[in-house]
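Heads up: the structure comes next, in structure tokens.
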Amino acid sequence: MTGQAGVHEKGNFNIQELLENVRKSEKFDKTGAIAVFIGVVRGETLNGEKVEQVSIQAYEEKANETLSDICSDLAKKPGITDVQIHHLLGEFKVGEDLVYVSVAGSHRSEVFSVLREAVERYKSQAPVFKKEKVINLKGEASEYWVSEKEQP
């Protein structure tokens, strides 16, 4: 079983493993709801450019620590039984999974707000970096690193 959080090379972790991890958590008997966020590669940038490919890299040691800290912190909230964040690394095509975030809790009303907070926190705090290869509106190919501050 993989831990509750971390970065993984593409192909070394999937949604099924996430769900297995959640079901093996020590508080699962108190769980009545699981909410999952799956981040995927979008085919268009905010500026209307066509995305060809995305490369995801991370400062792995710090990313693992940050993701684990976020999960541990959020798991302390009332009614929450498990929080997991798993980000994939490597080269991705449009539509492929990039990240899995899950929150389990006693009731559905408790998990949704914590899921949103988990997503917002990993995006702003974890040292995970995205490079997009795009075709701009003039048909020219380029690539650039995307700042999370530029994304909604």
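The values are calculated or read from the model by the stated rules, or taken from the named source; none is laboratory data. Treat the numbers as computed from the prediction; the structure is a model and nothing was measured. Cβ placement follows ideal geometry from the backbone for every residue including glycine, while neighbour counts extend to all protein chains displayed.
Here are the numbers:
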quantity: So A126, is it under 27 Å from E52 (Cβ atoms), surrounded by 16 or more Cβ atoms within 10 Å (Cβ to Cβ), in contact (Cβ under 8 Å) with a residue 40 or more places away in the chain and not hydroxyl-bearing (S, T, Y); calculated: yes
quantity: Output for region 110-122, where each listed residue is modelled with pLDDT of 95 or more and either not in a helix (DSSP H, G or I) or not hydrophobic (A, V, I, L, M, F, W, C) (or both); calculated: S113, R116, E117, E120, R121, Y122
quantity: Criterion: of a type in the set (V, I, T), in contact with an Asp or Glu (Cβ under 9 Å, 6 or more places away or on another chain) and surrounded by 15 or more Cβ atoms within 10 Å (Cβ to Cβ) - qualifying residue of T66, T45; calculated: T45
quantity: Strands (runs of 3 or more DSSP E) (entirely within region 1-80) containing at least 3 residues that are over 15 Å from the mean Cα position of the chain (by Cα); calculated: 50-58
quantity: Residues satisfying the stated conditions in region 43-71, i.e. of a type in the set (S, T, Y) and either within 21 Å of V94 (Cβ to Cβ) or without any contact (Cβ under 8 Å) to a residue 12 or more places away in the chain (or both); calculated: T45, S55
